[in-house]
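Here the structure is laid out as structure tokens; the discussion comes afterwards.
The values are calculated or read from the model by the stated rules, or taken from the named source; none is laboratory data. Note that the structure is predicted; figures quoted are calculated from it, not measured. Cβ sites come from the backbone with ideal geometry, for glycine too, and all protein chains shown count toward neighbours. What goes into the accessible areas is simple: the full protein's heavy atoms, side chains included, and nothing from ligands, DNA or RNA. Shrake-Rupley method; radii C 1.70, N 1.55, O 1.52, S 1.80 Å.
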Amino acid sequence: MPLSQLSDLPDWPEVDFAEFGPVERQPLSKIQRLTARFLGRNYLAIPHVTQQDEVDVTTFEARRAAWNTARPEAKITPMAPLAKAVVAALKRYPKFNVSLERDGVTLVLKHYFNVGIAIDSPQGLLVGVVREADAKTISQIGAEISTLAEKARTKGLSMPEMSGGSMTISSLGHIGGTGFTPIINAPEVAVLGVSRTQLRPLPDQDGQLTWHKMLPLSLSYDHRVINGADAARFVITIGEELAAIEDFA
Ligand code: CAO
């Protein structure tokens, strides 16, 4: 279709569903209505590409399990270490910690490291922001994510609690999936999707198969600002950073 015809899309189909069987109508919640508008805009306005990869979390998961066994009262899920790993990757690849201004030609380079966390609430999807994640420990970030998630699911989050992110993490790892294509939370330029850790047999140097825990990561990025090679390196860095974590305090 020629570009000039993009605005010449057919009208949304108007269907009498009752013709096919019993139906009922339900309005979207306030949050769903807002999210639908923003997600729709971001999906249409940003040229998304999603880098799909798996990082080896065998060592990371062994250390996390040992930590959680020793301190069941201070259990750590993968989210807070992932936020720390994202901060490290943002430091290494600052072109991910930017926003494109409305003029489309000016980049805002951010010197702060605020990580957004997508939270599934009964009213809809919300993103709570952990500010200054670079200055916080994994435990502190974990506690903050729990507080944000609890608040999002009960009272909802205020605008300041949802604003100012450098980049967002959206995890479906507690449910399942092997990959997905998350939509960028504009004006951020990338979002990290996390799926469920999988056990995979992989050949070692001698060709013997050994079991590895592999974490599927899906990094959607704004291709106006970020190139595929950068995205591939960014995801690999996250794997390296997770593997380097020894202390979950
Ligand atoms: N692989 C395997 N298990 C995982 C995992 C992964 N990638 N990520 C988390 N888990 C496990 C946790 O370790 C925890 O295990 P235990 O019950 O054995 O302790 C369990 O899943 C539940 O984790 P959780 O959901 O309570 O906590 P979390 O820190 O992983 O996530 C939160 C918190 C708020 C991010 C999450 O609950 C949530 O709301 N995610 C939804 C995000 C979403 O809907 N995104 C939208 C996608 S696109 O529309």
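So if I check each of R131, R196, which one is within 24 Å of D247 (Cα to Cα), open to solvent by 50 Å² or more (accessible area, probe 1.4 Å), more than 11 Å from the ligand (Cβ to nearest atom) and in contact (Cβ under 8 Å) with a residue 24 or more places away in the chain?
Every option except R131 fails the conditions.
Does I238 satisfy the criteria of being out of contact with any strand residue (DSSP E or B) (no Cβ under 7 Å at 6 or more places or on another chain) and within 20 Å of T77 (Cβ to Cβ)?
No: the conditions fail for I238.
Could you tell me which of the residues A118, A65 is within 11 Å of the ligand (Cβ to nearest atom), loosely packed, with under 15 Cβ neighbours inside 10 Å and under 19 Å from T197 (Cα atoms)?
None of the others qualify; the one that does is A65.
What number goes with the only condition from (1) within 16 Å of the ligand (Cβ to nearest atom); (2) charged (D, E, K, R); (3) open to solvent by 20 Å² or more (accessible area, probe 1.4 Å) that D103 does not pass?
If we test D103 against (1) within 16 Å of the ligand (Cβ to nearest atom); (2) charged (D, E, K, R); (3) open to solvent by 20 Å² or more (accessible area, probe 1.4 Å), just (1) comes out false.
Could you grab me the full set of residues in segment 95-128 that are in contact (Cβ under 8 Å) with a residue 24 or more places away in the chain and among the basic types (K, R)?
Scanning segment 95-128 gives K95, K110.
Mind telling me which of the residues T147, T168, T106 ends up being among the β-branched types (V, I, T) and more than 25 Å from N227 (Cβ to Cβ)?
Being among the β-branched types (V, I, T) and more than 25 Å from N227 (Cβ to Cβ) holds for just one of T147, T168, T106, which is T147.
Considering each residue of segment 199-228, count those that are within 19 Å of the chain's Cα centre (by Cα) and open to solvent by less than 80 Å² (accessible area, probe 1.4 Å), and give that number.
The total comes to 12.
State all residues of segment 151-171 that are on the phi < 0 side of the Ramachandran plot, over 12 Å from the mean Cα position of the chain (by Cα) and more than 9 Å from the ligand (Cβ to nearest atom); if no residue qualifies, say none.
Matches in segment 151-171: K151, T154, K155, L157, S158, M159, P160, E161, M162, S163.
Just give me the residues in segment 49-75 being in contact (Cβ under 8 Å) with a residue 12 or more places away in the chain, touching a Lys or Arg at 6+ places or on another chain (Cβ under 6 Å) and polar (S, T, N, Q), in sequence order.
Selection gives T58 alone.
Counting only residues that are open to solvent by 10 Å² or more (accessible area, probe 1.4 Å) and over 14 Å from the mean Cα position of the chain (by Cα), how many does segment 79-98 have?
6
Test P182 against the stated conditions and say whether it is more than 10 Å from the ligand (Cβ to nearest atom) and within 17 Å of the chain's Cα centre (by Cα).
Here the answer is no, as P182 does not meet what is asked.
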